[in-house]
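Q: Sharing a structure with you now.
The values are calculated or read from the model by the stated rules, or taken from the named source; none is laboratory data. Because the structure is a prediction, the values reported are computed rather than measured. Every residue, glycine among them, receives a Cβ derived from its backbone with ideal geometry; neighbour counts consider all protein chains shown. Note: areas computed on protein heavy atoms with side chains; ligands, DNA, RNA excluded. Shrake-Rupley method; radii C 1.70, N 1.55, O 1.52, S 1.80 Å.
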Amino acid sequence: MVTQVEQAANAFPSWRSIPAPRRGEILFRFAELLKSQKEELAALITVEMGKLPLEAGGEVQEAIDMAYYMAGEGRRSFGQTVPSELPDKFAMSLREPVGVVAMITPWNFPVAVPSWKLLPALVLGNTVVWKPSPRTPQCAARLVELLTEAGLPAGVVNVVNGGSEVGEALVRAPQVRLVTFTGSNAVGRRVAVACAELGKRCALELGGKNAIIVLDDADLDLAVDGIVWSAFGTGGQRCTSCSRVIVHQAVRAKLTEMLVARVKQLQIGPLIDAAATQRCEEFVREAVAAGARRLTTGPTLLDNVTPAMRVAQEEIFGPVCVIIEVGSPEEAARVNNDVPYGLSSSIYTRDVNRAFVALRELTTGIVYVNAGTTGSEVQLPFGGTRGTGNGAREAGQAALDTFSEWKTVYVDYSGRLQRAQIDTSPA
Ligand code: NAD
């Protein structure tokens, strides 16, 4: 681990001095390589973590999209030029790399999540030490091979394999200036504490308890499609998976009947391990003991669930989705917001006024109208409120803030001392 961090620190001066458009061109070539290797890489994802081939292909596509998008930032990464309050003075801001970035990533998106971190970090001139999940080392190795093939100089991205001990040591390595972490809340909090102690920057993307709201005027067929895909795609093992359906009482019975019919037909891929299956079963057992009703097995729907039950509050990270009945759009928004997480939420309604009220009232980082809770696009910020993170965002322009420092520059060409806030003449 020490070696990889040193390599990243040594590579930093020369990588940051390569003009950003040239760095962007390496990312562009990486995008082209990813495109040509899409099927092979998707197959590797399926082998390592069990995602179905169609979904694995979608994941690789997300990395391709991100690579093209961030390649373009090589010629943008805009700063600001603003008027100075003094004559003969020029004022602007520039983005600077942070330095050595430590990346710690989970197993459930072994290609897409790392690409959200790697590509903005690289185009901005940072070097990287990456600790992937010990469950998906081959995906990591392959991504780095492709980056090298695309022309990335040696030492700019360095992989270090291992579990929690290696992760902790990496966070603490003195040369690491920024830690970008995606994973569970329990680990994320530890990383945040360590970073706070050491005065390091830290960007966290943690769990979710995402909900789909179905109002009484919703297109129920559309809502069922969205719920099934969001709740049970990738076996519910996405940070944006829907694990709560919040439904208006007028359509609860109909929606539940339609959902049960669909879910009974559904076949899903495997969960990551036996412990994950057990965890789901425990949640379900406890909920049933507390009064919930199990409607399906395998992919599991529960109704008679109240918002305060553990099954309706905690991230399960498996194919378990609860149905909660509400009496109004206002109550739906309250139930949606009243969980420790704030990643993604969705509302199905045909009423544009209700949709806009929901956009205002739902306090998650991502809100969908008439679509499920998953499926973000790379050109917009990704991240959540409350326990889902610490305010940092990935993707879109917001990612540039996560992986750069602002440098503010004043050039005084008056040839005399000008004192800001003192030598300004009154209007
Ligand atoms: P995890 O927290 O167990 O592990 C994540 C990473 O942290 C792994 O690389 C792991 O080895 C490492 N790690 C473990 N202990 C550590 C420590 N003490 N110090 C430093 N690193 C340590 O998470 P997981 O099971 O791999 O992934 C599932 C979780 O990730 C879920 O909670 C899911 O919601 C979350 N997730 C969030 C997003 C998002 O963008 N919000 C995206 C994907 C997954």
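Q: So what is the relative contact order for region 210-369, in percent, with contacts set as C-alpha pairs under 8 Å and at least six apart?
A: RCO, region 210-369: 31 percent.
Q: Obtain the nm distance between the two label points defined at E314 and L54 by a simple spin-label model: each point lies 7 Å from its Cα along the Cα-to-C-beta direction.
A: The modelled label-to-label distance comes out at 3.3 nm.
Q: Next question. May I ask you to give the percent of accessible area on the chain that is carbon plus sulfur, with a probe radius of 1.4 Å?
A: The value for the chain is 54 percent carbon and sulfur by accessible area.
Q: Under unit Cβ charges (Lys, Arg +1; Asp, Glu -1), what dipole magnitude, rounded to 20 debye, does region 210-369 have relative to its Cα centre?
A: That gives a dipole near 200 debye.
Q: Separate question: Can you tell me the relative contact order of region 62-144? Whole percent, Cα pairs under 8 Å, sequence separation 6 or more.
A: So the answer I get is 32 percent.
Q: Quick one: Cα centre-to-centre distance for region 252-282 and region 63-77, in angstrom?
A: Spelled out, the Cα-based centre of one part sits 37 Å from the other.
Q: If I take every Cα pair under 8 Å that is 6 or more residues apart in the chain, average their sequence separation and divide by the length, what percent do I get for the relative contact order?
A: Once divided by the residue count of the chain, the mean separation gives 19 percent.
Q: Also, I was wondering about something else. From the residues V378, L54, A140, which one has its Cα farthest along the dipole of the chain in the positive direction, the dipole being from +1 and -1 charges on Cβ of Lys/Arg and Asp/Glu about the Cα centre?
A: About the Cα centre, the residue reaching furthest to the positive side is A140.
Q: For the chain, which cysteines have no second Cys with its Cβ under 4.7 Å from theirs?
A: So, C139, C239, C242, C280, C321.
Q: Calculate, for the chain, the solvent-accessible area per residue in square angstrom, rolling a 1.4 angstrom probe over the heavy atoms of the protein chains.
A: The answer is 43 Å² per residue.
Q: Report the percentage of all Cα-Cα pairs in region 210-369 whose separation exceeds 23 Å, rounded to a whole percent.
A: Distances greater than 23 Å cover 29 percent of the Cα pairs.
Q: Consider all pairwise Cα distances in the chain and report the whole-number % of them above 30 Å.
A: 47
Q: Kindly count the pairs of lysines across the chain whose alpha carbons are less than 22 Å apart, treating pairs on different chains or eight or more residues apart as eligible.
A: 15
Q: Within the chain, what percent of beta bridges assigned by DSSP are antiparallel, to the nearest 5?
A: The antiparallel proportion sits near 30 percent.
Q: With a Förster radius of 51 Å, plug the Cβ-Cβ distance of V166 and R360 into 1/(1 + (r/R0)^6) and report the FRET value to the nearest 0.05.
A: With a Förster radius of 51 Å, E is 0.70.
Q: Under the rule a/c < 1.5 gives rounded, and otherwise a/b versus b/c splits prolate from oblate, where does region 327-374 land using the Cα gyration tensor?
A: Oblate shape, in that a/c is at least 1.5 and b/c is the bigger or equal ratio.
Q: With each pseudo-label sitting 7 Å past Cα toward Cβ, what's the E85-E377 distance in nm, one decimal?
A: 4.1
Q: Additional query: So if R0 is 30 Å, what FRET efficiency would Q421 and Q175 give, r being the distance between their Cβ atoms, rounded to the nearest 0.05?
A: Calculated value: 0.20.
Q: Turning to a different aspect of this structure: Length gain on complete extension for the stretch N337 to A194, per 0.36 nm per residue less the alpha carbon to alpha carbon distance?
A: Answer, rounded to one decimal: 48.6 nm.
Q: Pick out which of T105, T296, T363 has the largest mean-square fluctuation in a Gaussian network model of the chain, springs linking Cα atoms closer than 10 Å.
A: The residue that fluctuates most here is T296.
Q: Quick one: among N353, N390, N370, which has the greatest mean-square fluctuation in a GNM of the chain with alpha-carbon springs under 10 angstrom?
A: Looking only at N353, N390, N370, the largest GNM fluctuation is found for N353.
Q: In nanometres, what is the gap between the two model label sites at V409 and R386, each 7 Å from Cα along Cα-to-Cβ?
A: Once both label points are built, they end up 4.4 nm from each other.
Q: Work out how much length F78 to D216 would gain on full extension: take 0.36 nm times their residue separation and subtract the Cα-Cα distance, in nm to one decimal.
A: Result for the pair: 45.2 nm of gain on full extension.
Q: Next question, about the same structure. Once you charge only the Cβ atoms, +1 for Lys and Arg and -1 for Asp and Glu, what is the size of the charge dipole of the chain about its Cα centre, to the nearest 20 debye?
A: Using Cβ point charges on Lys, Arg, Asp and Glu, the chain gives about 640 debye.
Q: Placing unit charges on C-beta atoms (Lys and Arg positive, Asp and Glu negative, everything else neutral), compute the dipole magnitude of region 233-274 about its Cα centre in debye, rounded to 20.
A: 180
Q: Determine the distance separating the Cα centre of region 307-338 from the Cα centre of region 116-144; give it in Å without decimals.
A: Computed from Cα coordinates, the inter-centre distance equals 35 Å.
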